[in-house]
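Derivation of every value follows stated rules applied to the coordinates shown; laboratory data play no part. Bear in mind that the values here come from a model prediction, so they are computed numbers and not experimental data. Glycine also receives a Cβ, built like all others from the backbone with ideal geometry; neighbour counts cover every protein chain displayed.
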Amino acid sequence: MLSVYEGFFSGGARIVHSDVVRGLVEGGQHHTVLSIHGEVHREATRQAMEDDACYQQLTAAGVGVSTLGRSFRGDGDPVTEGFRGPELADTARALAGADVVLSLKEQPLSLLNQAGLPRRPIVACLHRSDPEHSGTALDDLKAAIADGKVVAAVCCAESTRDAYRAAGIPPEVLHVIPNGVDLLRFRPDPARRLALRASLGIPDTAPVVVFAARYATMKNIPLFLRAARAWLRREPAGHVLMCGAGMTGHDQPALSADIDDAFGTEREPLAGRLHLLGVRRDMETVYAGSDVVALTSSFGEAAPLCLIEGMMCGAVPVATDVGDSASIVAGHGIVTPPDPDAIASAWTAAVAGRPEFAEAHARSRERFSRTRMIASYAALIDGLHAGHTATSATPPPLPEPL
């Protein structure tokens, strides 16, 4: 197996895909990863491949990771310029050793569609509900399907399948495998809860809302901050945590400006209870220490990992209706309109209803299991490999002429 990434940087799709790769390796498959970019500059941070948590987890599990060594700067489409001979040669060598290729989202298909590369069945792993916002990647996906290179596309959500079908992807290619998480890691933990609060100076009984996302337009951070202001006003003991790439004040002027806009003259009295944590590698602790996991995205989400991870740790999900968020939250939390006062009220209701929601979370753990997710990926890949091997086998000799 070979997985092709556009690059290593913080994001739910990379976390899920890297977890799938590790799970397939645990199940006996041999897997390697090729990353188009060796470093990425985004959310006002430089993220080198070797410093990324997913890279470190993959290599620790024995997965070989190589890169074409490109450096991407900005928030546009990372795969834009033509590929050079040495890059294509490296890609050809990686493909030659694979039976099946996984493409993490559509962007790597710009590389895999290049002429002259070894043909291998490709499974595109899709993690959006707005393919029209992926630049030229949708066209690359259509071209790869038409050429027979992409033989299947895994959608992490029903909304993903619906969106790509509406965008012209043949429905028979699309398979839904919902996201799952490690239930041993993501679980309620009173000790972690106390440890997180002690580290941040938050009282044990204070209500806490966490927002786990990278700094990006689709996350609608101004809406979240307006809701945070309204909630902190009405909850004098409340605290709000923001974590993810770009969620720091000292090196992210855009976030600081957003806070100024949302809080205005109340930044000093209220923002002392707004904690900017940046990228955290102990999200199970952050979620366990929180009462609510919030999502205010306006587009693009499919099956947000933060809602599932937070819920499995005991935080009540409160989300806007985007992607599969409503179906994930149904019966487990609260879906809100994109209105700051309504969101703030929902956070208060979620804190009050946390004991009742905990019962629903406990009943749903198997539905959100990593084991279920990886078994589904393995079954799909094994079936595709068996079918490809059968159809690509050497044909029998022609009968002798009479």
Listed by chain and number, the residues whose amide H is under 5 Å from that of residue 369, excluding neighbours fewer than 5 places away on the same chain and using placed H, are 181
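Considering every Cα-Cα pair within region 116-162, what fraction, in whole percent, is farther apart than 13 Å?
Details: 636 of 1081 pairs.
Percentage above 13 Å: 59.
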Note to self, the chain gives a 222 nm [θ] from helices alone (DSSP H runs n ≥ 4, -39500 (n - 2.57) apiece, / all residues, nearest 500) of -12000 deg cm²/dmol
If the chain between residue 167 and residue 359 were fully extended at 0.36 nm per residue, the gain over the current Cα-Cα distance would be 65.2 nm
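Regarding region 190-363, what's the average projected area of the Cα-atom convex hull, expressed in nm²? Don't skip to the answer; put the middle values down first.
Working: hull surface 35.6 nm².
Taking a quarter of the hull surface, the average projection is 8.9 nm².
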Sequence order, region 279-296: Karplus ³J(HN,Hα) from phi using 6.51 cos²θ - 1.76 cosθ + 1.60, θ = phi - 60°, Hz rounded, Gly and Pro as x, gives 6, 10, 9, 10, 4, 4, 6, 4, 5, 4, x, 10, 9, 9, 10, 10, 9, 10
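Starting from 0.36 nm per residue, how many nanometres of slack lie between residue 143 and residue 93 once their C-alpha separation is accounted for? Mind showing how you got there, number by number?
Working: separation 50, 0.36 × 50 = 18.00 nm, distance 2.27 nm.
Stretched fully, the residue 143-residue 93 segment lengthens by 15.7 nm.
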Computed over the chain: longest principal axis from alpha-carbon atoms vs helix 190-200 long axis, angle to nearest 10 degrees, is 70
Taking placed amide H atoms and a strict 5 Å upper bound, the residues 5 or more places from residue 7 or on another chain that come that close are 36, 37
Cβ-Cβ cut-off under 14 Å around residue 23, Lys and Arg +1, Asp and Glu -1: the net charge is 0
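Between Rg and the Kirkwood Rh of region 84-157, both from Cα atoms, what is the Rg to Rh ratio? Show your work: numbers first, answer last.
Values: Rg = 12.1 Å, Rh = 12.6 Å.
Radius of gyration relative to Kirkwood radius: 0.96.
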The local net charge around residue 372, scoring Lys/Arg +1 and Asp/Glu -1 for residues other than residue 372 whose Cβ lies under 12 Å from its Cβ, equals +1
Most exposed first, judged by fewest Cβ atoms within 10 angstrom, 182, 51 run 51, 182
For region 211-264 the translational diffusion coefficient, Stokes-Einstein from a Kirkwood Rh over Cα pairs at 4 °C and viscosity 1.567 mPa s, in µm²/s, is roughly 113
Relative to the chain, whose Cα atoms define the longest principal axis, helix 137-146 and its Cα axis are tilted in degrees, nearest 10, by 30
Rg/Rh of region 221-314 (Cα atoms, Kirkwood Rh), to two decimals, equals 0.95
Counting only backbone N atoms under 20 Å from a point 7 Å out along Cα-to-Cβ of residue 51, the residues of region 217-250 in range are 243-250
The Cα extents of region 278-363 along the principal axes, largest first and rounded to whole Å, are 29, 27, 23
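Estimate the FRET efficiency between residue 281 and residue 194 by the formula 1/(1 + (r/R0)^6), using the beta-carbon distance for r and 22 Å for R0, to the nearest 0.05. List each step's numbers first, then the result.
On the way: r = 19 Å, r/R0 = 0.88.
Here the calculated transfer efficiency is 0.70.
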Between the Cα axis of helix 221-234 and the main Cα principal axis of the chain, the angle (0 to 90°, nearest 10) is 30
Assertion target for 127, 30, 37, ordered by fewest C-beta neighbours within 10 angstrom first, is 30, 37, 127
If 369, 199 are placed from fewest to most neighbouring beta carbons inside 10 Å, the sequence is 199, 369
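Taking each pair of different alpha-carbon atoms in the chain once, compute 1/r for the pair, average those values, and report the inverse of that mean as the Kirkwood hydrodynamic radius in Å to one decimal. Let's see the in-between values first.
Values: mean 1/r = 0.0452 Å⁻¹.
Averaging 1/r across every pair of different Cα atoms and inverting gives 22.1 Å.
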